[in-house]
């Protein structure tokens, strides 16, 4: 059985929705500005919230949606600090890659990131993708074993890895 958490109807979970929405989708570089004002919907086979440890776990075909932003994964785990802010949110693609999609701004092509593991570090504005990573937007793409996106600097890093080399494809119109 799937659980749909509609936070407009259940005010007691509104706080949790805000924490998760800031950790996953409150990045104006990645999503439409109005997305952060939209209701966050989470669908999963099971959910576990542990306020004492700060660990929240969503399992089984997890789908998070907020406006134009979507995250799908087999499992998502978040860790909160003592101030109840998420320090890390990790999406796992166990059966197939975890996938994050959004529209950065109206008229832009869809931004799509796929990896076996997607780690969001909201307090330092870093997204780390690990395991057969593919990032695409329009005809531009990055591929490699590990990619690190710095939201503040709007930079993508493909660090050296023993697991393979990275590939960057840039459409001709952006080279000129």
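For the reader, a short list of remarks on this structure follows.
- Ranking of 51, 100, 149 by count of other Cβ atoms within 10 Å, fewest first: 51, 149, 100
- In this simple spin-label model, placing a label point 7 Å from the Cα along the Cα-to-Cβ direction at both residue 162 and residue 123 gives a separation of 3.1 nm.
- Highest to lowest packing among 157-170, 65-78, scored as the average C-beta count within 10 Å: 65-78, 157-170
- On full extension, the segment bounded by residue 82 and residue 153 gains 22.8 nm, given 0.36 nm per residue less the C-alpha separation.
- Extension gain (nm, one decimal) between residue 112 and residue 45, 0.36 nm per residue minus Cα-Cα: 21.7 nm
- Cα→Cβ-extended label distance, 7 Å offset, between residue 140 and residue 96, nm: 2.7 nm
- Share of Cα-Cα pairs in the range 29-166 lying beyond 25 Å, as whole percent: 25 percent
Every number in this text was worked out from the coordinates using simple rules, so none of it is lab data. These numbers were taken from a predicted model, which means no experiment stands behind them. Virtual Cβ from ideal backbone geometry, glycine too; neighbours counted across all protein chains shown.
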